[in-house]
Every structure is written in C-alpha cells, then in structure tokens.
Amino acid sequence: MRYKTARFLCSYAIVALLASSLMAKNFEPVFTITKVHGNCWIKAAGAKKYMAAKKGVFAYGTSIKTGRGASIIIEFSTGNICRVLEKTILDVTEDVKDKKLKKVILAEGEVEVSLEEFKDDADTIEFHKNNKLNVETPTAICGALGTEFRVKCFTEAGMRANIIECSRGQVKTWARRWGVDLFLISGMDKGDEVVIYEEFDKTFLMLRARAGKLPFLLQNSGDEPKEIQLAKGYTASVWHSKTTDGRVTVTTVVKDSSGKIIETVTFNRTMPPPDKPDSHDESDETVWVFPVLDKVTNVTPTSIPRVTPTGNI
C-alpha cells in the first residue's frame, strides 16, 4: 500500500512539474542578454558611455547598439525573445505608468520578435493580460503577444521607412500624433507585410501593402471608423496638421494598385488633454502620444511636396 501511494505521489509530482514547465512564463522585472555575436555595445540607464556588450541580466532603460554583421538576443522570459540584428540602435524600456508593458524603442535597424504562442486556455490568457510588448519606431507602433514579427527602420529617398512583417499570430500597427489616431491596422496576419514612409517633419506618411490584405481602419469625424482591406500594391497617404487652438486635421487618401483613388476622408479633432489621452480601444496599452512639433504648420494635401520613394521596397 505504501509502495502504491509513493508511486502515485511520484507520478503526481512529475505531472505537476511538466504542467508548470508548459505554462507561460511572465516577463521578468529585468531582461537578459543570452547571446552576443560580433561588435555590440550597451549603455545602462543614466550612463554617458557605451561599453562592450556581454551576456547577463540588465535593467530596463538600457540602450543597445550592434555593429556590422553583429547581433544580440534579448530574453524577456522563457520563450519570449527579441533578436537585435546588425547596425541597429534601440532602447529596451518599460512603460512609466504600466510596468506590464515592455517596449523596444527602435531608432534605426532591425529586430525580430518571437513571443509565447497564444492558446485559448486560462493560463495563457492570464499571461497575455499581464505581459505586453510594443516595438516602437519614430513613425509607428507594433503591439503583439503570441506572435512572430519583424520590424525594420531606415532611411529611403529622404524619408523614414519602416517595414513590418508578420510570420505568426497577429500584429497591431498604428500611429498617433497629438493624442489623435492617424491610422490603425487592426490585425496583420501571417504573411502580411506593410511598408510605412514618413516625412522627417512628421507632417505626412504613406503606407503601402506589400503582401496579404491589411484591415486598415480609415479614421473619420464619426465615432466608428471605416475598414478598408489594403491588398498588395494599395497605398494610404495621410496628411496631418495642428492649429494654435489645438485642432488636429487629418486627411487620408487611399489608392488601389493601379493608382486610382478609392477613398478620401478629412476629419478634425480637438487635441485631448495630456492627462486624458484619446484611445482607439478601451485599454491604455495602445496609447502612445508622440511629441508635439515645435512649430505650428497649416498643411493640406496640395501644399506638401510629394516625395515618391524609390528602390525595391
């Protein structure tokens, strides 16, 4: 009897151990660099100089740079990593108000993110409630969990360019200025790709669908935005400006792959107070207020010089 009881308890312990090992691991209060290849550098929060990168545990607020042919692997918790590819500059931070939200602030270069696969069970749902990750470029934000995606930020034809590719799960991509949504791609699926160009003065941006069908929410003056499927070759151009009294004007022009205009919308919004930012959904995880420009500009689609990006993007 004792033998059977002992064998049962041993089997129970093994099952419990296996179950716990399969559960999603919450993001740690610090992140870990698990691999360093080539010339890489890190700078601790508040430090003035970079130092040679090495494997170890680091606090959020750390800056990372990689040289030519170099790379670093960051681990937020078991199964949740970010690969920092060559010639990249970024910061690894956490949100000031929401410590559950971790951020990769990508100034330039390329990252590949691989996160815990989403499963419809209580443990995984709880994990996704308590662990969030955004990749933020100067132009747009990618928010996802339970997915794999790639973000690249660089300069092309005198504009800032961003390439976003989803290889597993879903990625949400959006941009905000002065507390107002400029655009929202509500869910990029596996195989979807988009390139986003932006003028450096932050008055104009353009999206081009490279693969898949992107659910693009066209903002308007009403409460409910209109969804348009951006197929391969479709573009969405967005002009935006702010007046001295805090009114934000956004004009969006959508064209199909032949260049034919299929939608044109202009809307005006009052810039929300800094302590009460507007949001396109109910949670604060998707709120990102970009810096206000130093000068006030009155912009219309006809007054902005149109720059056409070149190359094979």
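Worth pointing out:
- Taken residue by residue, the stretch 151-168 has no member that is of a type in the set (Ser, Thr, Tyr) and crowded, with 22+ Cβ neighbours inside 10 Å.
- Residue in the stretch 143-154 that is among the acidic types (Asp, Glu), assigned by TED's automatic domain parsing to the domain that holds Lys65, in a strand (DSSP E or B) and at pLDDT 90 or above present: no
- Test: residue in the stretch 199-220 that is within 23 Å of Thr266 (Cα to Cα), of a type in the set (D, E, K, R) and not in a loop (DSSP other than H, G, I, E, B): yes
- Residues within the stretch 169-198 that are small (Gly, Ala, Ser), assigned to a loop (DSSP other than H, G, I, E, B) and crowded, with 22+ Cβ neighbours inside 10 Å, tallied: 1
- Listed by position, the strands (runs of 3 or more DSSP E) enclosed by the stretch 8-74 that each have at least 3 residues that are over 28 Å from Glu117 (Cα atoms) and either at pLDDT 95 or above or touching a His at 6+ places or on another chain (Cβ under 9 Å) (or both) are 40-43.
- Residue-level check: of (1) within 16 Å of the chain's Cα centre (by Cα); (2) without any contact (Cβ under 8 Å) to a residue 40 or more places away in the chain, Asp245 misses just (1).
The values are calculated or read from the model by the stated rules, or taken from the named source; none is laboratory data. Computed from a prediction, not measured in an experiment: that's the story for all the values here. Methodologically, a virtual Cβ is constructed for each residue, glycine included, from the backbone with ideal geometry; neighbour enumeration extends over all protein chains shown.
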